[in-house]
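Reading through the structure tokens given below for one structure.
The values are calculated or read from the model by the stated rules, or taken from the named source; none is laboratory data. What you are looking at is a predicted structure, and each value in this text was computed from that prediction instead of being measured. No Cβ is skipped: glycine too gets one built from the backbone with ideal geometry, and neighbour counts run over all protein chains shown. All accessible areas refer to the heavy atoms of the entire protein, side chains included, with ligands and DNA or RNA removed. Shrake-Rupley method; radii C 1.70, N 1.55, O 1.52, S 1.80 Å.
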Amino acid sequence: MQQVAINGYGTIGKRVADAVRQQPDMEVLGVAKTRPNFEAETAIDKGFPLYAAVEEREELFAEAGLEIAGPVEDLVAEADVVVDATPSGIGAQNKALYEEYDTPALYQGGEDADLVDVSFNARSNFEDAVDADHVRVVSCNTTGLSRVIAPLREEYGVEKVRATLVRRGGDPGQSDRGPINDILPNPVTIPSHHGPDVETIFPDLDIDTLGMKVPATLMHMHSLNVTLEEDVDAAEVRDLFADESRLFLIPERMNIDGSGTLKEYALDAGRPRGDLWENCLWAESISTEGRDFYCFQGIHQESDVVPENVDAIRAVTGAADAEESIATTDEALGIGL
Ligand SMILES: NC(=O)C1=CN([C@@H]2O[C@H](COP(=O)(O)OP(=O)(O)OC[C@H]3O[C@@H](n4cnc5c(N)ncnc54)[C@H](O)[C@@H]3O)[C@@H](O)[C@H]2O)C=CC1
Ligand SMILES: O=C(OP(=O)(O)O)[C@H](O)COP(=O)(O)O
């Protein structure tokens, strides 16, 4: 059993903790937080040992009636691997702690690529992270793009990717985010940071990305055009994608017209927190014109990186190969709508 520490128990960290607990070969050793709040209380209710990420704030937990198992250093020292799910930039500050205790660490997409040895997407480059000490699970958008590009590259070869990313302004709980009533080119410069980020997974890929932010919280939406190295037929691409467990091809018959109905479907299907771990591609949007492929896909920013973190744990600990890990993760979580 791999003993997994989770440092940062927010949107991503709490989901990774639940996913790790569901795996047959790993356990949550504990989770670390900086301050007491509803998530800290839920962690205790779920039976996750709660550690103080900042020693001076330990008494805040006692005042809130929450029992602390110890300082985060104890957790990191005992763990086989630590998943850092702290806000952007804090992971970089925490790296020295993980190095001090010689504990392999996973970071999230908000950290810079040069912080780590390897940027990771399970479907695309699992083997690169085997036995690495510092691995970054790429952002929700980069994960979503990589999952589509990997099979297209393998099957047809990719000449050029063009993607427009309509990004949600903030997560549902982020009441301080915007825009409230606007459509922002964001970033206004082109390419957006997503293209170079995808190139950390596929270094020789030709990709241009454009980003926007809109007043939505549920999901991102991608409009994709990939020029392939050979003529393709839309039906063939649909068949290719149907074999990918983390690509959900939304069938026409479901009458799912956007992010709202997608999330409603996830809740009806009994998904925890209404999570959609898979890319959600509208099957009808999969179109081809000569060598050009097009589609729309919805990306659930809060959850698509969760199975990727689980696979990255197996990669850095050398516990399984890509195929075995992805199959185990998918089965344990119930991935594959
Ligand atoms: N929310 C999203 O849509 C996605 C976020 N990411 C990335 O995941 C990372 C985490 O993001 P979220 O989970 O959204 O953030 P969050 O703000 O929801 O959660 C971060 C947690 O870390 C805690 N924290 C703050 N400072 C800490 C410290 N020094 N030590 C330990 N814990 C600390 C916070 O109290 C909070 O519980 C970021 O790198 C972000 O870019 C990646 C994909 C999607
Ligand atoms: O990494 C993300 O998006 P991004 O790839 O568009 O920067 C996550 O959705 C977090 O985005 P945020 O920086 O708006 O919280």
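Results, tabulated for the structure shown:
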{"item": "Normalised convex hull volume, segment 140-299, alpha-carbon set, Å³ per residue", "result": "118 Å³"}
{"item": "Nearest 10 degrees, 0 to 90: helix 11-21 Cα axis against the chain principal axis", "result": "80 degrees"}
{"item": "Lysine pairs in the chain with Cα atoms under 17 Å, if 8 or more residues apart or on separate chains", "result": "4"}
{"item": "Cβ-based charge dipole, segment 186-337, positive-most Cα from Ala269, Ser325, Trp282", "result": "Ala269"}
{"item": "Largest-first ellipsoid semi-axes for segment 223-335, taking √(5λ) over the Cα gyration tensor eigenvalues, angstrom", "result": "26, 20, 11"}
{"item": "Å² of accessible area per residue within the chain, as computed with a 1.4 Å probe and no ligands counted", "result": "42 Å²"}
{"item": "Cα Rg over Rh - the chain, Kirkwood", "result": "0.97"}
{"item": "Carbon and sulfur %, accessible surface of the chain computed with the full protein complex present, 1.4 Å", "result": "45 percent"}
{"item": "Most fluctuating residue given options Glu111, Glu58, Glu100, as computed from a GNM of the chain linking Cα atoms under 10 Å", "result": "Glu100"}
{"item": "Degrees between helix 140-156 axis and first principal axis of the chain (Cα, 0 to 90, nearest 10)", "result": "40 degrees"}
{"item": "Segment 145-287, relative contact order in percent, only Cα pairs under 8 angstrom and at least six apart counted", "result": "28 percent"}
{"item": "0 to 90° range, to nearest 10: angle between helix 259-268 axis and the chain longest Cα axis", "result": "60 degrees"}
